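Note sheet for the following structure.
Rule-based calculations on the coordinates, nothing more; no lab input. As the structure is a computational prediction, the values presented were derived from the model and not from experiment. Note that each Cβ is placed from the backbone with ideal geometry, even for glycine, and that neighbours are counted across all protein chains shown.
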Amino acid sequence: MSGDAARREAELVAAFSAHQSALRHWLVQAFGRLRDEVDDILQDALAEVLHRVRTEAFSPQMGWVGYLRVVARHRAIDRLRDWERRLFRGLGSGEAWRTDDLTRDSPHVTDPRPGPAEQAVEAERRGRQGLLLSEVLEEFCRWCESRPQRLPMKEAYERSLRGEQPAQIAAGMGLPAHEVYTLLNQARTWVVQRIRQADVDRSVFLTLHRRKGE
């Protein structure tokens with residue numbers, strides 16, 4: 001490593017250490033749902049910037065702290081998107097989304113490969129899905145936080161969205177497995193019902209409104 005690269009790396013690490021507490025506070029304020037993951041996000045951001053320093057002789061014009069905020073924000077958004085993908089899989093029956101779930105709502109579709117117009121419509125609908133999911137998840141968090149007895153439900157559901165299995169959640173929270181299953185079922189039921197209420201024209205989440213046998 002050259003002398004300049006070593007100097008930049010030392011400056012970056014020093015800036016991170018000096019401002020880590022402020023960066024943590026900013027992340028918690030900006031991404032409340034990720035409050036338990038802010039340290040991991042910051043470490044990911046630091047590792048990413050360090051890699052650029054070592055491989056590209058990188059030095060941001062906005063300063064190290066400003067650039068760390070930019071990278072941390074991107075990594076936080078990535079995690080929220082991953083949460084939403086997990087939520088897609090957990091809604092309704094709990095099965096993964098499949099393309100045939102969507103085409104079955106359109107009985108006249110004969111070509112499984114959508115044209116440009118269909119792709120544009122689907123992309124727009126997926127965008128509305130993301131917005132609606134974000135709003136419902138924020139509402140769910142506020143609803144849980146309004147009553148202390150609901151906080152275990154919030155924690156269990158957030159752990160499930162991060163990929164933990166019920167047995168892991170039970171061990172981490174010190175709860176019986178059957179209680180975790182109850183909490184997860186209550187949380188998923190609340191989220192699904194709220195989405196159905198918000199998606200009154202049934203245009204965003206097609207499969208959530210389908211009855212058995214359809």
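Here are some notes:
- Label-point gap, in nm, between Glu135 and Ala177 - each point 7 angstrom along Cα→Cβ: 3.9
- Packing-based ranking, highest mean first, of 67-79, 186-198 given that Cβ atoms within 10 Å are counted: 67-79, 186-198
- Put a dot 7 Å past the Cα of Ala57, heading toward its Cβ, do the same for Arg196, and the two dots end up 6.2 nm apart.
- When the stretch 3-90 is described by a simple charge dipole with +1 on each Lys and Arg Cβ and -1 on each Asp and Glu Cβ, the residue from Val71, Ala47, Val13 located farthest towards its positive end is Val71.
- Spin-label model distance (nm) - Val28 vs Asp82, 7 Å beyond Cα toward Cβ: 2.2
- Within the stretch 146-193, the proportion of Cα pairs with more than 17 Å between them is 24 percent.
- Per-residue HN-Hα couplings for the stretch 181-187 [Karplus 6.51, -1.76, 1.60; θ = phi - 60°; Hz; x = Gly/Pro]: 4, 5, 4, 5, 5, 5, 5
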